[in-house]
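Take a look at the structure below.
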Amino acid sequence: MELNETKVVEKPTEAPVQAPKEGAQPAANNARPHNNDQRRNGGRFNRDRRGGRGQRRDREYNETVISINRVAKTVKGGKRIRFSALVAIGDGKGNIGFASGKANEVPDAIKKALEAAKKNMFRVPVSKGDTIPHEISGEFGACKVFLKPAPEGTGVIAGGSVRAIMGLAGIKNIYSKVYGSKTAVNAVRATCNGLKALKTPAKIAALRGKSIEDLKA
């Protein structure tokens, strides 16, 4: 007769937990901080300290979309549609620029026009009273724009495209009249040609070989 042998499994003895001694510092926690803690404590997610993409920069220029035109070209197999955008930019302190851009989508056309406008900036002399120094006429193609200084409080007496240019340039009082073609592109180019031809009193005095006081007399 066989007897069944029983095996006795010994349980491992646990080491006794020692109480911390008086004055001893607890062990440092090596666990990584949470992402939120990293953002607060200046970790790699903190973009305010590093000046990353989290910060929004202030715009340097004011932007205005004057006109958007759809351009259709007939090609073999159908029509190809593109968009043309006329954009003007300015800081309201005499610096202004404009350009046009073409692309398959409207946002891309506006982006191209803005990049080109920033490269074609020019300075407009603004006299006391937020107006132009003297009368001037600008021409482009079949369009002619007449500009005349106005006293303070008059406002901008101009059409849509000319008004946009004056607002971006910081001119608040002026008379204007558009003759001939009323196309937005021609009106903007004629207006800018007239503004580029403006001369300050100091420049006129230098051309005549006189002082500013002599011109006023």
*Under the condition of being in contact with a strand residue (DSSP E or B) (Cβ under 6 Å, 6 or more places away or on another chain) and among the polar types (S, T, N, Q), which residue from region 66-83 is nearest to Lys102 (Cα to Cα)?*
Asn69
*Take the residues in region 80-136 that are in contact with a helix residue (DSSP H, G or I) (Cβ under 8 Å, 6 or more places away or on another chain), open to solvent by 20 Å² or more (accessible area, probe 1.4 Å) and of a type in the set (A, V, I, L, M), then tell me which one is farthest from Ile171 (Cα to Cα).*
Ile136
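Residue by residue through region 162-217, note down the ones that are basic (Lys, Arg) and closer than 20 Å to Phe146 by Cβ.
Taking region 162-217 and keeping what is basic (Lys, Arg), we get 163, 172, 177, 182, 189, 196, 199, 203, 208, 210, 216.
Within region 162-217, Arg163, Lys172, Lys177, Lys182, Arg189, Lys196, Lys199 meet the criteria.
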*Can you pull out the residues in region 140-158 that are within 29 Å of the chain's Cα centre (by Cα) and surrounded by fewer than 16 Cβ atoms within 10 Å (Cβ to Cβ)?*
Gly155, Ile157
*All but one of (1) out of contact with any Asp or Glu (no Cβ under 8 Å at 6 or more places or on another chain); (2) under 24 Å from Lys102 (Cβ atoms); (3) surrounded by 22 or more Cβ atoms within 10 Å (Cβ to Cβ); (4) among the hydrophobic types (A, V, I, L, M, F, W, C) hold for Ala184; which doesn't?*
(3)
*Of all residues in region 187-217, which are among the aliphatic types (A, V, I, L, M), open to solvent by 50 Å² or more (accessible area, probe 1.4 Å) and out of contact with any helix residue (DSSP H, G or I) (no Cβ under 8 Å at 6 or more places or on another chain)?*
Ala206, Leu207, Ala217
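The values are calculated or read from the model by the stated rules, or taken from the named source; none is laboratory data. Since the structure is predicted, the reported quantities are computational estimates derived from the model, not experimental observations. All Cβ positions, glycine included, derive from the backbone under ideal geometry; neighbour counts span all protein chains shown. Side chains are part of the model used for accessible areas, which takes the heavy atoms of the whole protein and leaves out ligands, DNA and RNA. Shrake-Rupley method; radii C 1.70, N 1.55, O 1.52, S 1.80 Å.
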